[in-house]
Amino acid sequence: MAGSVYNANMNPILIAGAALVGLPILLHLIMKQEPKRLSFPAFRFLTQKLKTNQRKLRLRHFLLLLMRMLLIALFCLTLYQPTVLSERLNLSGEQPVAVVIVIDTSPSMGYVVNEKTRLDEARKRAFELLDELPSKSQVAIVDTGEMNGHWSDIAEARKQLEKYDKPSGGNQPVTSAIAEAYRLLSIVDQETEASEPWPRLVAVFTDRAATCWDASRTDDLKKLQEKIPLPKPAHTIFDVGVDHPTNVAILGAEMQPQIIAANQVAAVTVTVATTGPADGPPVEVVVRAKLDGSATATDRKGINIPNGQTRALMFEFKDLKPGLHQVEFSLESPDKLMFDNTRYLTFKVGEARRILTIADDEKEAVFWQLAHQSKGEFGCLVVKPDQVNVVDGQTKVEYAPDSKNGERVTSNIREFEVVCLLDVADPTSLWDKLRPYVEGGGKLVIIPGSSLSIEGYAAGGNLLPGTFKKVIYTKEMQPPPPKQTAPGWEHPFDGQNGVTWYLDDSIVQHPMLRPFQGWQAKGNVDAVKNPRRVWKFWEVTKSDGAAVVVSYNDAEKPADRHPAVLERSIPDPKDTKKTKGRVVLLTTRLDAQPPNDEWNDYWELEGSTWYVVFPWLVIRYLAGDSADANFNYLAGQSVTIPLPKEGVPKGTKVAIDNTPPDISGSDPLVEVGDKQTELRVGPPRTNQAGNFLFSVGTGKWREGFSLNIPAEESTLDKVPIEAIEDLTGKNTVVPVDKNRDLRKIIEIVIGSPVDLFPWLLIAVLMLLVLEGLVANRFYRRMR
């Protein structure tokens, strides 16, 4: 193995110890003895003998001197702990190499030093590496945003590197990119078709920021590395980051809920953090807020923040019109890291969402309608079955919004969040009108009356969660239902006089019943203390694919309990694996019940708010809780935008406006397909932060969302070198600055060092023993 001697931890004191090599010479001169004078008769003979002895002594002293000098020099070299670098990956030679270049394109790489981002520095150094490679080498470029590397020649690799002109969101850690690098290296022999495997190198260019390295993947990556055919790859981690960064970051702009009523104030909490020396002065930070694309700041707030700490600022927006609103928060004084100087937020000021209730008699739905109006979250329109018709292939609803003037309007059924069949005796004619709505993602509630056509409901086919059988009267049940108890009742009720819902910890996990968890914990909520009872209900046989949400407490054994609420998910006709609509079926009445035919006490006002709570539970579950609405996502995520509920014709152009402009780099118009009900927007369009606004033509429909970079990207603390070198090997992480030559760095790091310390230590011991033997041999007393 040819090589050169190298050690990264050279100690000047050890080098100075090499001067001890001259110590034996000094001792030899000091201790040199004068020959003794002897007076013997045979003086000539003795003179000759003396000269012979002196020549032998000089030779022996010289040999022993050399051995002792060598011993000290070897001992000093051993303390130096040298290594020999292998030349197996010689970039200056003609043998091609297989190189995977990993580029960290995460937002933190946008940190600017000397008017150059860390990504610019990484690209520059990557180009230098390409310049050093033998001409026929194979190169793969992997960036942390796309993870789809492929092998190419050096020229094509250059073109690919030129694309990475700015950091992007939606990045994965560098460890994920290294996994892709190992995959590419495992197949490189198939790409090159060389007679012998080429040497391999993984070169990573990163700022070593906290989010770039997932240490939990180290063991998995080691296993992937073992699967790579010989020769195993060398690693070089080029650290282009900054050791002592300073930064001011807007970490978040949060608002809960993200849908508010028209008379509410939109309160937004903006969190700001600073990074810098702990002993430095506090940083004066001013944040500006621009509402709905305003050219000037709608509001501005300032605060002093000590380095290394966070502070919250509260912004309030009043007198907002109903609809979508978007805010851009930004620092008044930008700093070296641009991406976290701005934060985006989308929210809505909402009007009551609409429910369509279809009833044979509009008067029967009066309690149902009043319950939703009193809650205020949903507006309930009641129509008769003959007011729902198919016009031009679409289901339309004709009604008079103002009963005084009698003027009638027509709305597409898709404009309604939920459709309810309430006490419709025979819905046979409605199924073909409702099926496209439900299969397209609509929500349907079925509430039976006292009498109905079992065949008419069975005609609903796979829309029905269950099949109606007969009416059950608790007074006639055998065996009778168990005693009914509740926290607010002094005495149990006889089950034959009505049954409550059976609720346990597993049942209240269902999304529709989840509010019961909090109510039960409080203990003073009337829905728990004084539950309502049912003494008449329809026996329903659950359909295949349906589920029972909650049952009545009308039997001891769970299998014998009758369903109170059932549900069924309706698949997309184009993709049966994807759920679109949902149908909920109740088994007791919620119409206006006559005194002589009451089925339950749900509409009783005294002692309970169940008359409002129960309708709200059902509709909120189907339409979605406005408190759960979300219009704010992380960059790189895919976002689904619902198209206008009334539908849009095939070929309609949806306009996409971005703030800042053209951040997507994509076509600002998207064409809608046939019967498309939603628009899915994903990478690369969503890789950058900003506000997105969608509109169709000159209509009133507008939807939108905001994208932001994860707050963790503002953490500029570096990953410990030990965490990285646990995978890549000792001394593979090297800082890169403008004064360091890339070729020398590579030659040092990829040289496959061999540690010579144990071998030198053995040599020292052997030479020490040899010196002792020789000294004893030379100076042993003559007999």
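Each value in this text was obtained by applying a stated rule to the coordinates, not by laboratory testing. Keep in mind it's a predicted model, so treat the numbers as computed, not measured. We place every Cβ from the backbone using ideal geometry, glycine too, and count neighbours over all the protein chains shown.
Take the chain, mark every one of the GluC sites (Glu not before Pro) that falls in a DSSP loop and has at most 12 other Cβ within 10 Å, then report the longest stretch left between them, sites excluded. That would be 607-783. Each principal axis of the Cα cloud of the stretch 345-484 was taken in turn, and the coordinate range along them, longest first, works out to 55, 40, 35 Å. Dipole size of the chain about its Cα centre, with +1 on Lys/Arg Cβ and -1 on Asp/Glu Cβ: approximately 5740 debye, rounded to the nearest 20. In whole angstrom, the stretch 165-308 maps to an equivalent ellipsoid with semi-axes of 47, 21, 14, each derived as √(5λ) from the alpha carbon gyration tensor and ordered largest first. Net length available on complete extension from M314 to N389 is 22.0 nm, with 0.36 nm assigned per residue and the Cα-Cα distance removed.
Near V672, once Lys and Arg are set to +1 and Asp and Glu to -1 for all other residues with Cβ below 9 Å from its Cβ, the sum equals 0. Here the simple spin-label model places points 7 Å from the Cα toward Cβ, and for F493 and K730 these points are separated by 7.9 nm.
Rounded, prolate or oblate, given the Cα gyration tensor of the stretch 551-640, with a/c below 1.5 counting as rounded? Because a/c hits 1.5 or more and a/b exceeds b/c, the stretch 551-640 counts as prolate. A helix-only calculation puts the chain at -7500 deg cm²/dmol for mean residue ellipticity at 222 nm, using -39500 (n - 2.57) for each DSSP H run of at least four residues, averaged over all residues. Rg/Rh for the stretch 339-390 stands at 1.34; both radii use Cα atoms, and Rh follows the Kirkwood definition.
With the charge dipole of the chain set up from +1 on Lys and Arg Cβ and -1 on Asp and Glu Cβ about the Cα centre, the Cα lying farthest toward the positive end among the listed residues G607, A365, V287 is that of V287.
The mean sequence separation of alpha-carbon pairs under 8 Å and at least six residues apart, normalised by the residue count of the stretch 66-204, gives a relative contact order of 33 percent. In order along the stretch 568-581, phi translates into HN-Hα couplings of 8, 8, 9, x, 5, x, 7, 8, 5, 7, 10, 7, 10, x Hz, rounded to whole numbers, per the Karplus curve 6.51 cos²θ - 1.76 cosθ + 1.60 with θ = phi - 60° and x for Gly and Pro. Between the C-alpha center of the stretch 313-336 and that of the stretch 398-470 there is a gap of 43 Å. Expressed as a whole number of Å, what is the distance separating the alpha-carbon centroids of the stretch 110-165 and the stretch 679-705? The stretch 679-705 and the stretch 110-165 have Cα centres separated by 32 Å.
Between amide H atoms placed 1.01 Å from N, distances below 5 Å from G441 occur with G581, all of them 5 or more places distant or on a separate chain. Using bins of 20 Å that start at zero, the share of Cα-Cα pairs per bin across the chain amounts to 12, 29, 26, 18, 8, 4, 2, 0, in whole %. When a/c reaches 1.5 or more, the comparison of a/b and b/c decides; with that in mind, is the stretch 160-226 rounded, prolate or oblate per its Cα gyration tensor? Note, shape of the stretch 160-226 comes out oblate.
Put a plus charge on the Cβ of each Lys and Arg, a minus charge on the Cβ of each Asp and Glu, and nothing anywhere else: the dipole of the stretch 150-258 about its Cα centre is then about 100 debye.
A dipole drawn for the chain from +1 and -1 charges on Cβ atoms has a positive end, and of W519, A689, N307 the residue lying farthest that way is N307. Taking amide H as placed 1.01 Å from N in the peptide plane, V97 has its amide H under 5 Å from the amide H of S137, Q138, each at least 5 places away in sequence or on another chain. Working from Cα pairs under 8 Å separated by at least six residues, relative contact order for the chain is 14 percent. Among the trypsin sites (Lys or Arg not before Pro) found in the stretch 518-579, those both in a DSSP coil and sparsely packed, with 16 or fewer other Cβ atoms within 10 Å of their Cβ, are K574.
For the stretch 470-583, rounded, prolate or oblate, judged on the Cα gyration tensor with a ≥ b ≥ c (square roots of eigenvalues), a/c < 1.5 rounded, else prolate if a/b > b/c? Judged from the Cα gyration tensor, the stretch 470-583 comes out oblate (a/c at least 1.5, b/c at or above a/b). The mean sequence distance of close C-alpha pairs (under 8 Å, at least 6 residues apart), as a share of the length of the stretch 216-327, puts its relative contact order at 25 percent. Taking the Cα centre of the chain as the origin and placing charges on Cβ (Lys, Arg +1; Asp, Glu -1), which of V204, A177, G624 is farthest toward the positive end of the dipole? The one lying farthest along the dipole's positive direction is V204.
Rounded to the nearest 20, the size of the Cβ-charge dipole of the stretch 495-615 about its Cα centre is 580 debye, with Lys and Arg at +1 and Asp and Glu at -1.
Above 19 Å, the calculated P(r) of the stretch 399-456 contains 44 percent of its Cα-Cα pairs. Among the trypsin sites (Lys or Arg not before Pro) in the stretch 627-704, those placed in a DSSP loop whose Cβ has at most 15 other Cβ atoms within 10 Å are K650, K675, K700. Neighbours of A122 by Cβ distance under 9 Å: Lys/Arg scored +1, Asp/Glu scored -1, total 0. Summing +1 for each Lys or Arg and -1 for each Asp or Glu among the other residues whose beta-carbon sits under 13 angstrom from that of N530 gives -2.
Loop-located trypsin sites (Lys or Arg not before Pro) in the stretch 297-365 (DSSP state not H, G, I, E or B) with no more than 11 neighbouring Cβ atoms inside 10 Å: K318.
Counted over the chain, the DSSP beta bridges are approximately 70% antiparallel.
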